[in-house]
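Asker: Below: one structure in structure tokens.
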Amino acid sequence: MFKHGMKDHSVTIRNLSNPAIAPIRGKWCQSFLARLRGFTFRSQLKPEEGLVLVESRDSRIETSIHMLFVWTDLAVAWVNSQNQVVDTVLAKAWRPFYGPIKPARYVIEYHPARYGELQIGDQIAFDHD
């Protein structure tokens, strides 16, 4: 586990707009290497597992993702600086590019069976461990 204050650490992602949805336990990926790696070379993940790829500002370009060398589909939600979901997609393995329709600061990647649990307009909380 990572300590709060470090660039990369554990985080719990909660949907404040729909509190009945189970939280996602993930890794806060703020460093370049953690963002670059993402779920690359992973063949499976647990239903409660996820990542938050963190950029320094809202952007469409900087929060675009690739699925090359990602061997499983992923649910993806883009979240802006106000912690509001601005786009979602079910990202297919080995596709070259996915980008949000609106600028975002955070990219949440999580289990594909949970796709639809985060909706455009939902308010998100990041609880840092």
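Asker: Assign unit charges at the C-beta atoms only (+1 for Lys and Arg, -1 for Asp and Glu), then state the dipole size of the chain relative to its Cα centre in Debye, rounded to the nearest 20.
Answerer: Roughly 280 debye for the chain.
Asker: Right, another one. Excluding same-chain pairs closer than 8 in sequence, count the lysine pairs in the chain whose Cα atoms lie under 20 Å apart.
Answerer: On the way: Lys3/Lys27; Lys7/Lys27; Lys27/Lys46; Lys46/Lys92.
Lysine pairs satisfying the spacing and distance rule in the chain number 4.
Asker: Further question on the same structure: Restricting the count to DSSP beta bridges whose residues both fall in the chain, what percent are antiparallel, rounded to a multiple of 5? Write down the numbers at each step before the final one.
Answerer: Details: 29 of 35 bridges.
Looking only at bridges with both residues in the chain, the antiparallel portion is about 85 percent.
Asker: For a quick check: sort His111, His128, His66 by the number of other beta carbons within 10 angstrom, fewest at the front.
Answerer: On the way: His111 19, His128 12, His66 15.
In increasing order of surrounding Cβ atoms, one gets His128, His66, His111.
Asker: How far, in nm, would the chain grow between Asn18 and Ala113 when pulled straight, counting 0.36 nm per residue and subtracting the alpha carbon separation? The partial results should precede the final answer.
Answerer: On the way: separation 95, 0.36 × 95 = 34.20 nm, distance 1.73 nm.
Stretched out fully, the Asn18 to Ala113 stretch lengthens by 32.5 nm.
Asker: Taking +1 at the Cβ of each Lys and Arg and -1 at the Cβ of each Asp and Glu, which of Ser17, Gln84, Met67 sits farthest along the dipole of the chain towards its positive end, judged by Cα position relative to the Cα centre?
Answerer: Met67
Asker: In nm, to one decimal, how far is the modelled label at Trp71 from the one at Asp129, with both set 7 Å along Cα→Cβ?
Answerer: According to this spin-label approximation, the distance is 2.5 nm.
Asker: Please give the contour-minus-distance gain from Leu90 to Ser59: 0.36 nm per residue of separation, less the Cα-Cα distance, rounded to one decimal in nm.
Answerer: Details: separation 31, 0.36 × 31 = 11.16 nm, distance 1.99 nm.
Contour length minus the Cα-Cα distance gives 9.2 nm.
Asker: Just from its helices, what would the mean residue ellipticity at 222 nm be for the chain, if runs of 4 or more DSSP H residues each count -39500 (n - 2.57) and the sum is divided by every residue, rounded to the nearest 500 deg cm²/dmol?
Answerer: Values: 1 runs with 6 residues, N = 129.
Helices in the chain give a 222 nm mean residue ellipticity of -1000 deg cm²/dmol.
Asker: Okay, next question. Given (i) 6.9; (ii) 11.4; (iii) 7.7, which label gives mean projected area of the Cα convex hull in nm² as computed from the coordinates?
Answerer: Here the calculated entry is (i).
Asker: Please return the longest stretch of the chain lacking exposed loop sites, where trypsin sites (Lys or Arg not before Pro) count only if DSSP places them in a loop and at most 16 other Cβ atoms lie within 10 Å. Mind showing how you got there, number by number?
Answerer: Values: sites that count: Lys3, Lys7, Arg42, Arg60, Lys92.
Excluding the exposed sites themselves, the longest stretch runs over 93-129.
We did not get these values from a lab; they are worked out from the coordinates using the rules stated. Computed from a prediction, not measured in an experiment: that's the story for all the values here. Every residue, glycine among them, receives a Cβ derived from its backbone with ideal geometry; neighbour counts consider all protein chains shown.
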